[in-house]
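> Handing you this structure, nothing more for now.
The values are calculated or read from the model by the stated rules, or taken from the named source; none is laboratory data. These figures come from a predicted structure and were not determined experimentally. Cβ: placed from backbone, ideal geometry, glycine included. Neighbour counts: every protein chain shown. Just so you know, the surface numbers come from the protein's heavy atoms only, side chains and all, with ligands and any DNA or RNA stripped out. Shrake-Rupley method; radii C 1.70, N 1.55, O 1.52, S 1.80 Å.
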Amino acid sequence: MYHQKTLAELAAMLEAGDVTSVELTQAFLDRIKQYDGELNSFITVTEAQALAHAKAADEKRAAGNAGPLTGIPIAHKDIFCTLDVKTTCGSKMLDNFDAPYNATVVEKLLAAGVVMLGKTNMDEFAMGSSNETSFYGPVKNPWNTNAVPGGSSGGSASCVAARLAPASTGTDTGGSIRQPASLCGITGLKPTYGRVSRYGMIAFASSLDQAGPMAHTAEDCAIMLNAMAGFDPRDSTSLDKAVPDYTADLNKPLAGLKIGLPREYFGEGLDAGVAGVVNTAIEQYRKMGAEIIDITLPNTHLAVPVYYVVAPAECSSNLSRFDGVRFGHRCDDPKDLEDMYKRSRGEGFGAEVKRRIMVGTYALSAGYYDAYYIKAQQLRRMISDDFSKAFEQVDVIMGPASPETAFNIGEKSDDPISMYLSDIYTIAVNLAGLPGISIPAGFSNNMPVGLQIIARHFDESRLLNVAHQYQQNTDWHKQSPDAFA
Ligand code: GLN
């Protein structure tokens, strides 16, 4: 069964001639047809384009020009601009948007021979932790279809967990790769800020947004990151730094690895079942030769409040371009210019996006800018300094990715604060620009639990090595939901 294979296994099968890309692509398209009605993980399925690209990939291989990703089908989060395929960002505002170019991430994966199966559902403009804010309806968690998949890359997580795609792309501004990966039982990597180009990725909060891979294993994420990472002159915050081969260090032994456990990640608010799973995973690392060290990240409690000033402030500025003039939704029969702005934005954006724009505009307005935005930036530095201090002592930091397992659809919709706390362990990593990964570590109440691992800036190789070694010794990443077997 192709769908139960990892990306690395599928690549080997393609290489050995055991399967063609057209067969593989068709198999995943068939699964999407069979199951996605239930999950709603795709906004657009690009069947004809996928089969054409698969055919081209097979020809490329026959001509002896195949790389590790040639002919591998994947799904892209619908935040990445795709030429000739609509890009909605989960919003009514962009329901009619055809991007005139590909995002760099899409372009790079295309150049590597990847076949796009379609565009995945997401929280509107990537604002959310449950995928319930999408204009296209909520996504279901394949482990329990009454539960959310997490967000905002909920469609990307759900389709991989249900084996409708072997891997997908996601974006993470405050946890949107790691939290849904955790809730759906897959592996999701948020790279260092600046490692992967943001060009053509619809902006939410530009100083935090970062794209990354979502797959079954750390090895698969390494293969994906090899193709995704790298300098892009079209992204002013992209770093001109050589991209290592992220698969090279996967098999390094962990003996002597120093793992820091921040006491703030194991306190109040952490579900006991999740804590149990995370502690067992850490015990496994101890058995594998790692040294466990208690550390402190004393400003952790400031991460969520700081984020909810910085991210809305940046989004209020980024989203001002959606004014009904150049592209996106425009209201019918506007009376005058002001009426057109007001109604186009009023109709095009959903409630959560409006809430963020209002909070952000307020925080940036004259008289409040110093008290909120400047203050938040100062605290952001303190949060970042906590990590720098910790990394003088340890090689990686571990803890839960999410304080609880997947909650039910509707459970937190009326309580934004409780929803915002879903990212309490992931947000600080974005504020500090660090790389982080969530890997499947077990189950609590039959729902997946993710272990989060955080490393120094640009130390993705170490992160992937540490995650891969765990996956060599456990099989949580191999579990798949029975209903989608
Ligand atoms: N859940 C967080 C938010 O709503 C993070 C979203 C993200 O990482 N894109 O802002």
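> Please list 3J(HN,Hα) in residue order for segment 350-358, calculated via the Karplus relation 6.51 cos²θ - 1.76 cosθ + 1.60 where θ = phi - 60°; whole Hz, with x for glycine and proline.
Working through the residues one at a time gives x, 4, 5, 5, 5, 4, 5, 4, 5 Hz.
> Here's something else I'd like to know. Any idea what the alpha-carbon Rg over 2.2 N^0.38 Å comes to for segment 57-179?
Normalised by 2.2 N^0.38 Å, the Cα Rg of segment 57-179 equals 1.09.
> Toward the positive end of the charge dipole of segment 358-457, about the Cα centre and with charges on Cβ (Lys, Arg +1; Asp, Glu -1), which of PRO416, ILE437, VAL394 goes farthest?
VAL394
> Among the listed pairs LYS5/LYS86; LYS33/LYS190; LYS33/LYS119; LYS77/LYS375; LYS33/LYS108, which have their C-alpha atoms separated by more than 25 angstrom in this model?
LYS5/LYS86; LYS33/LYS190; LYS77/LYS375; LYS33/LYS108
> Hey, what do the phi angles of segment 276-283 turn into as Karplus ³J(HN,Hα) couplings, whole Hz, using 6.51/-1.76/1.60 and θ = phi - 60°, x for Gly and Pro?
3J(HN,Hα) across segment 276-283, in whole Hz: x, 5, 5, 5, 5, 5, 5, 4.
> In terms of Cα to Cα distance under 15 Å, which aspartates and glutamates are near enough to LYS92, apart from those fewer than 8 places away along the same chain?
ASP78, ASP123, GLU124, GLU132, ASP323, ASP332, GLU347, GLU352
> OK, next. Taking every alpha carbon pair in segment 23-126, what does the distance histogram look like in 5 angstrom bins from 0, in percent?
2, 13, 22, 23, 19, 13, 5, 2, 0
> Any aspartates and glutamates with Cα under 19 Å of the LYS241 Cα? List them, leaving off those in the same chain fewer than 8 positions away.
The qualifying aspartates and glutamates are ASP209, ASP232, ASP249, ASP459, GLU460.
> Can you give me the orientation-averaged projected area of the convex hull built on the Cα atoms of segment 159-241, in nm²?
Averaged projected area of segment 159-241's Cα convex hull equals 5.2 nm².
> Now, a different point. Once the principal axes of the Cα atoms of the chain are found, what is the range along each, listed largest first in whole angstroms?
64, 53, 44
> Once you treat every alpha carbon in segment 340-448 as an equal point and sum by Debye, what is log10 I(q)/I(0) at q = 0.17 Å⁻¹?
These q points yield log10 I(q)/I(0) values of -1.09.
> So who's got an amide H within less than 5 Å of the one on SER444, skipping anything under 5 residues away but keeping other chains? H placed 1.01 Å off N, in plane.
Residues meeting the amide H criterion: VAL449.
> Which whole-number percentage describes the relative contact order of segment 98-193, with Cα contacts under 8 Å and a sequence gap of 6 or more?
For segment 98-193, the relative contact order is 21 percent.
> Quick one: work out the % antiparallel among DSSP beta bridges in the chain, nearest 5.
For the chain, the DSSP antiparallel bridge percentage is about 70.
> Could you work out the equivalent-ellipsoid semi-axes for segment 193-333, taking the square root of 5 times each eigenvalue of the Cα gyration tensor, largest first, in whole Å?
36, 24, 14
> Check which residues have an amide H placed less than 5 Å from ASP78's amide H, if you skip close sequence neighbours.
Hits under the 5 Å cutoff: THR120.
> Ignoring ligands, DNA and RNA, please state the percent of accessible area on segment 1-117 from carbon and sulfur, probe 1.4 Å.
With neighbouring chains kept in place, the figure for segment 1-117 is 53 percent.
> Could you work out the Kirkwood radius for segment 207-250, taking every pair of different alpha carbons, averaging 1/r and inverting it, reported in Å?
Answer for segment 207-250: a Kirkwood hydrodynamic radius of 11.6 Å.
> Binning every alpha carbon pair distance of segment 142-202 at 10 Å from zero, what are the percents per bin?
Going from the shortest bin to the longest, the percentages are 25, 52, 21, 3.
> Could you work out how far the C-alpha centroid of segment 184-253 sits from that of segment 283-336, in angstrom?
17
> Now a separate question. Hey, what's the chain come to in accessible area per residue, 1.4 Å probe, Å²?
36
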